[in-house]
Amino acid sequence: LAERMKEHIEEKQEIARLAATLVSSQMTILLDGGSTVIYTARQIEARPLQVVTNSLGIANIFADDDGVELVLIGGTLYPRSGVLVGPIATGCVADLHADLLLFSLAGIYENAGFNQNLEMAQVEQVMLQQAARSVLLMDSSKFGGKSLTRVCGLDEVDQIVTDSKVDLEWQDQIGSRMIIVPPA
């Protein structure tokens, strides 16, 4: 995760600025532990909020915030990403409802989104089911990349936010559900 936080920083920050504006006060939001989601969490200004996450990094962002009710999902720690995964995590998420899911994946290939760890993917699959609206935050470098586990079809995601370097082919494929953030 520390390495991913150093990659494509400008693009991730551009995506984060826009994604943070999708959050309104009184919302319950689900946040996974992707690097772009961490950048987004740092920029969310809406309060009061309920934040539900399986990410230790995101939990730390909101831990001392009086305007945020923080729900940390339990589970087994996946140390490479600082997220909690496994059957405890999926069970916790299955009992919740959120207005908005902001999440990121390792890659988009053809018509699907992928992640590098099976248990992370399983948690994200349940998050998608429990959210009224889902927004995938992906910098353009991840388009065309496949990883170990299929998380979802692109048709299961309400919107995809990316940077202006994304290939026109993806814009044509995804259409109006893709939000392209102009460079700062």
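Key figures
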item: Cut-off 19 Å (backbone N to label point 7 Å along Cα→Cβ of Asn111), residues of the range 148-165; result: 149-160
item: Prolate/oblate/rounded call for the range 75-166, Cα gyration tensor, a/c under 1.5 rounded; result: oblate
item: Separation of alpha-carbon centers, the range 85-115 and the range 31-49, rounded to whole Å; result: 15
item: 1.4 Å probe accessible area per residue over the chain, in Å²; result: 45
item: Förster radius 22 Å - calculated FRET efficiency between Leu77 and Gln129 (Cβ-Cβ, nearest 0.05); result: 0.40
item: FRET efficiency for Arg47 and Leu118, using Cβ-Cβ distance with R0 set to 25 Å, rounded to 0.05; result: 0.10
item: Accessible-area composition of the chain, carbon plus sulfur, in percent [1.4 Å probe]; result: 48
item: For the range 54-110: rounded, prolate or oblate by the Cα gyration tensor [a/c cutoff 1.5]; result: rounded
item: Proximal lysines relative to Lys12, as straight alpha-carbon distance under 19 Å, when same-chain residues fewer than 8 apart are discounted; result: Lys142, Lys165
item: Restricting the range 1-95 to GluC sites (Glu not before Pro) in coil, as DSSP defines it, with at most 16 other Cβ within 10 Å; result: Glu3, Glu7, Glu45
item: Value at 222 nm in deg cm²/dmol, rounded to 500, when DSSP H runs of n ≥ 4 in the chain each add -39,500 (n - 2.57); result: -8500 deg cm²/dmol
item: Full-stretch length increase - Glu169, Thr21 - with 0.36 nm per residue and alpha-carbon distance subtracted; result: 50.6 nm
item: Gyration tensor over alpha-carbon atoms, the chain, equivalent ellipsoid semi-axes in Å; result: 23, 19, 15
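The values are calculated or read from the model by the stated rules, or taken from the named source; none is laboratory data. On a predicted model such as this, the values are computed, not experimentally measured, just so you know. Here the Cβ is made from the backbone with ideal geometry for all residues, glycine too, and neighbour counts use every protein chain on show. Heavy atoms of the whole protein, side chains included, go into the accessibility calculation; ligands, DNA and RNA do not. Shrake-Rupley method; radii C 1.70, N 1.55, O 1.52, S 1.80 Å.
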